[in-house]
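A quick write-up on the structure given underneath.
Derivation of every value follows stated rules applied to the coordinates shown; laboratory data play no part. Predicted model only: the values in this text are computed from it and were never measured. With ideal geometry, Cβ positions are generated from the backbone for all residues, glycine too; neighbour counts draw on all protein chains shown.
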Ligand SMILES: C[S@@+](CC[C@H](N)C(=O)[O-])C[C@H]1O[C@@H](n2cnc3c(N)ncnc32)[C@H](O)[C@@H]1O
């Protein structure tokens, strides 16, 4: 380091090149990993949007702590729910088989990891919601994960139903078979569907139009339809403060979990949560 300092002082031009080379060496391992992630994704995946990936184990621990803090359950209980959904082979086979048969399989991966949705699953398992609403269904990965939680709740004597909203009439093809028995998709503009929904919502997940204004309008549309202990999860909270502002306005607390994907170039989204502590 002393040698580098001397070069920079004595020969500023050469010094700045040496410093540049030294600093480039520092970022090389991270740069190499990023290139590996990009090329791996380009050749292994077919996805063009709504990417799927796994989270690092440390990140999953943080997610378990996040859900635990909000629900008042132990971290171990939440981790058990993560294992439950990740090791559900029937769910994995369903996603794989339906994807392979679907005409959009040329832009969808049949074997996927669930990323932050394992957090959604744990919320649905702990809260035992009677009504779950997810806005923005896309293929229906979140829909299958949430309905699989509702099916498990039902086995334990807690019945619940899932409503997904999507403007795309082709959305939600994964929600079929036994998963469709406990959920349905409301096609059309999400705000219009929410306005028509005459139900008390226990778990709400915002994931449709990701503009800040639309997100805020969704929270406004359901403000008077939330049950007293309702939890709202925002899929846009890494980009906007709309769920935080809604939480403040409705005297709820707000927390945010940030994803850390493994072996993927996408920097990750997150889960914003608005809730009232027990
Ligand atoms: C990010 S994807 C949803 C991903 C899904 N929640 C999951 O877990 O994989 C967003 C979806 O929102 C839908 N969408 C966009 N604008 C909408 C609107 N105004 N009303 C309803 N759905 C909308 C899109 O068609 C798309 O399928």
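Seen against the Cα atoms of the chain and their longest principal axis, helix 57-71 is set at about 40 degrees. Taking the C-alpha atoms only, the angle from helix 89-101 to the longest principal axis of the chain is near 80 degrees.
Taking the empirical scaling 2.2 N^0.38 Å for compact globular proteins as reference, region 53-135 has a Cα radius of gyration ratio of 1.21. The spread of Cα positions in region 1-153, taken along each principal axis and listed from longest to shortest, comes to 73, 43, 26 Å. The tail of the calculated P(r) for region 98-235 beyond 19 Å holds 48 percent of all Cα-Cα pairs. When only Cα pairs under 8 Å and 6 or more residues apart are kept, what is the percent relative contact order across the chain? Worked out over the chain, it gives 17 percent. Relative to the longest principal axis of the Cα atoms of the chain, helix 75-86 runs at roughly 80 degrees. When its C-alpha radius of gyration is set against 2.2 N^0.38 Å (N residues), region 173-220 gives a value of 1.29.
Peptides 260-268, 242-250 ordered by packing proxy, namely the average of other Cβ atoms within 10 Å per residue, highest first: 242-250, 260-268. Note on 9, 185: ascending count of other Cβ atoms within 10 Å places them as 9, 185, the fewest first.
Relative to the globular-protein estimate of 2.2 N^0.38 Å, the Cα radius of gyration of region 108-161 stands at 1.13. Note: relative contact order over region 138-278, using C-alpha pairs below 8 Å and six or more positions apart, is 18 percent.
Compare 72, 234, 15 in a GNM of the chain, Cα atoms joined below 10 Å, and give the one with the largest fluctuation. Among 72, 234, 15, the largest mean-square fluctuation in the Gaussian network model of the chain belongs to 15. Residues considered: 22, 163, 219. Largest GNM mean-square fluctuation over the chain, using C-alpha springs under 10 Å, is found at 22. Calculate log10 I(q)/I(0) of region 124-197 for q = 0.12, 0.17, 0.26 Å⁻¹, where I(q) comes from the Debye formula with a single equal point scatterer on each Cα and nothing for solvent. Result of the Debye calculation: -0.28, -0.56, -1.12. The relative contact order of region 1-112, computed from alpha carbon pairs under 8 Å that lie at least 6 residues apart in sequence, is 22 percent. Taking only the Cα atoms of the chain, the radius of gyration and Dmax are 22.0, 78 Å. Springs join every pair of Cα atoms under 10 Å in this Gaussian network model of the chain, and among 189, 109, 30 the largest mean-square fluctuation is at 30. Can you show me the helix-derived [θ] at 222 nm for the chain, built from DSSP H runs with n ≥ 4 at -39,500 (n - 2.57) apiece and divided by the number of residues, rounded to the nearest 500. Helix contribution divided over all residues of the chain: -15500 deg cm²/dmol. Histogrammed with a bin width of 5 Å, the alpha carbon distances of region 226-278 distribute as 4, 22, 27, 19, 12, 8, 5, 3 percent, first bin at zero.
Most simply put, the chain has about 35% antiparallel DSSP beta bridges, counting only bridges with both residues inside it.
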